[in-house]
1. Quickly run through the range A:148-162 and pick out the residues that are of a type outside the set (Val, Ile, Thr) and more than 10 Å from every other protein chain (Cβ to nearest Cβ).
2. With the requirement that a residue be within 13 Å of chain A (Cβ to nearest Cβ) and either at positive phi or open to solvent by 20 Å² or more (accessible area, probe 1.4 Å) (or both), what does the range B:156-167 give you?
3. In the range B:80-104, which residue that is of a type in the set (Gly, Ala, Ser) and free of Cβ contacts under 8 Å to residues at least 24 places away in the same chain is farthest from B:Ala58 (Cα to Cα)?
4. What are the pairs, 6+ residues apart or on separate chains, where a residue within the range A:115-139 that is more than 7 Å from every other protein chain (Cβ to nearest Cβ) has its Cβ under 6 Å from a residue that is polar (S, T, N, Q)?
5. Can you tell me which of A:Val163, A:Val174 is closer than 24 Å to A:Pro67 by Cα, of a type outside the set (Asp, Glu), modelled with pLDDT under 90 and open to solvent by less than 60 Å² (accessible area, probe 1.4 Å)?
6. Can you go through B:Gly37, B:Gly65 and tell me which one is buried (at least 18 other Cβ atoms within 10 Å of the Cβ) and small (Gly, Ala, Ser)?
7. If you scan the range B:215-226, which residues turn out to be on the phi < 0 side of the Ramachandran plot and buried (at least 22 other Cβ atoms within 10 Å of the Cβ)?
Amino acid sequence: MIEDFSNTLVTATPFLLGSLWFTITISAMSIVIGTAIGLLLGLASAYGGWVTRFLVRIYVDIVRGIPGLVKIFTVFYLVNALLSEVAGFTLSAMACGVVALSIHASAQVSEMARGAIQALSKGQAEAGKAIGLRFWQVQFYVIYPQAIRQILPTWVTSSTEIVKGTTLLSLISVPEFFITIRELAAREFLYIQFYGFAMIVYFLLNFSIELLGAHLERRYSRY
Amino acid sequence: MQSLLKINGLHKSFGNLEVLKGIDLEVNQGQVVSIIGSSGSGKTTLLRCVNLLEEFQAGEIVIEGQLIGYRDKGGRRSSISEAEKARQRALTGMVFQTFNLFPHLSALGNVTLGLRKVLKQPRAEAEETAAHWLDRVGLSERKDYYPSQLSGGQQQRVGIARALAMAPKLMLFDEATSALDPELVGEVLQVMTDLASEGMTMLVVTHEMSFAKDASTRVVFMNEGVIAEEGPPATLLTNPKHPRLQDFLARSQR
């Protein structure tokens, strides 16, 4: 049994590494895009007028109220149907996955960023203005560094959620790590071994993210 | 003597509450004007209007012949762009009651930020300028410390260095010593007094009667949104005419 597993594992290594790389790429892209959009939305809801705040609120509530898998299917089927109707092209399964996961992350980050920005004293922005910094400079050099430090622990948790969320993409046939595991497990009848292996790999992936987060926290907690 | 700051008929309301009810004030080059008055008299708001941290509804503020905050379009006021406001804010240096240092930057970083991003100085030059001003407030040994590692008095001196480094025409002090422990007030007042004697033009909102008396050329007493009385410190503080000022001085001496 063990030998069967280790033999399969060795022969399937390139295959597994390729799909693991897919998982990592999709996660990283979704986290980066989602964080960028989320920071902008957070800024909009912290400073915007009531219309802007209201629109962001609706977006965040809708996104947070829908299960991840439903978001993925919605983008894959509904958005793609609309796109092919209107623009004459469709997104690949992987692109749909990145879009869905980015949307998910953006809502989480938006809420964190809004809270962190609002928690900063008004005096910080005023001190920035007083030395002649313009609005975006104040955000970039004064507000964001402090807000990001504030949201770092929660952000790390959300990032690991995104990595876990990529497993759902196996359901729209994105060739990520979990779909490969499922195929191998079914083909070789080694369910316990392969799912156990997947458990360890995902744990290590997320544990590295946690370690990176802890490192960043230490680095930026000098003040 | 050359007029540096000229305020005419300044009106400012927060909603229905009128905080400044027509302020006229002129500060010449090199003068130190202390503004005293009880809380709620509008003195902090006046300072914040000069630094464009507050908008105002009527009147004008002129710094070195330059209209601040608004443009005059054939008798009608129109606002100016964010970039223009930022440029005008840099004409004045503001020292806050609560210091408002940037906690994520070292003392040096606090001072260099404006030099690098607003005045576009290269890093080395900015650090040199910043080191000079930190030395000037007696903190050259603390330049790599973060605000949380500094005492209140040291933090406020960094705040003063941060404002001075931008080479402002006018320094605004908003109750700069009010948040400090009594034993730390002295070091900040000393820096302010030195600046005053070196010819810096200053508008100082303060509760420190000793500073108003010894370091300022003129003292302005504000009451309920107007300037109730002004004059040289010797006259105004020892021989007040306005009954509210007499009252205020009697209370602050206790």
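1. The initial filter retains those residues of the range A:148-162 that are of a type outside the set (Val, Ile, Thr), namely A:149-150, A:152-153, A:155, A:158-159, A:161.
Within the range A:148-162, A:Gln150, A:Leu152, A:Pro153, A:Trp155, A:Ser158, A:Ser159, A:Glu161 meet the criteria.
2. Correct list: B:Ala167 only.
3. In this case the residue turns out to be B:Ala83.
4. What qualifies is A:Ala116/A:Gln150; A:Leu120/A:Gln146.
5. A:Val174
6. Details: B:Gly65 fails: buried (at least 18 other Cβ atoms within 10 Å of the Cβ).
B:Gly37 is the lone residue from the list that is buried (at least 18 other Cβ atoms within 10 Å of the Cβ) and small (Gly, Ala, Ser).
7. From the range B:215-226, those on the phi < 0 side of the Ramachandran plot are B:215-223, B:226; that's our starting set.
The answer is B:Ser216, B:Val219, B:Val220, B:Phe221, B:Met222.
Residues are listed down the side, and each one gets a yes or a no for (1) away from chain A (no Cβ under 11 Å); (2) at pLDDT below 95:
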residue	(1), (2)
B:Phe56	yes, yes
B:Glu60	yes, yes
B:Gln66	yes, yes
B:Gly75	yes, yes
B:Ser79	yes, yes
B:Ala83	no, yes
B:Arg87	no, yes
B:Leu91	no, yes
B:Phe102	no, no
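The values are calculated or read from the model by the stated rules, or taken from the named source; none is laboratory data. Computed from a prediction, not measured in an experiment: that's the story for all the values here. Cβ atoms come from the backbone with ideal geometry, glycine included; neighbour counts cover every protein chain shown. Heavy atoms of the whole protein, side chains included, go into the accessibility calculation; ligands, DNA and RNA do not. Shrake-Rupley method; radii C 1.70, N 1.55, O 1.52, S 1.80 Å.
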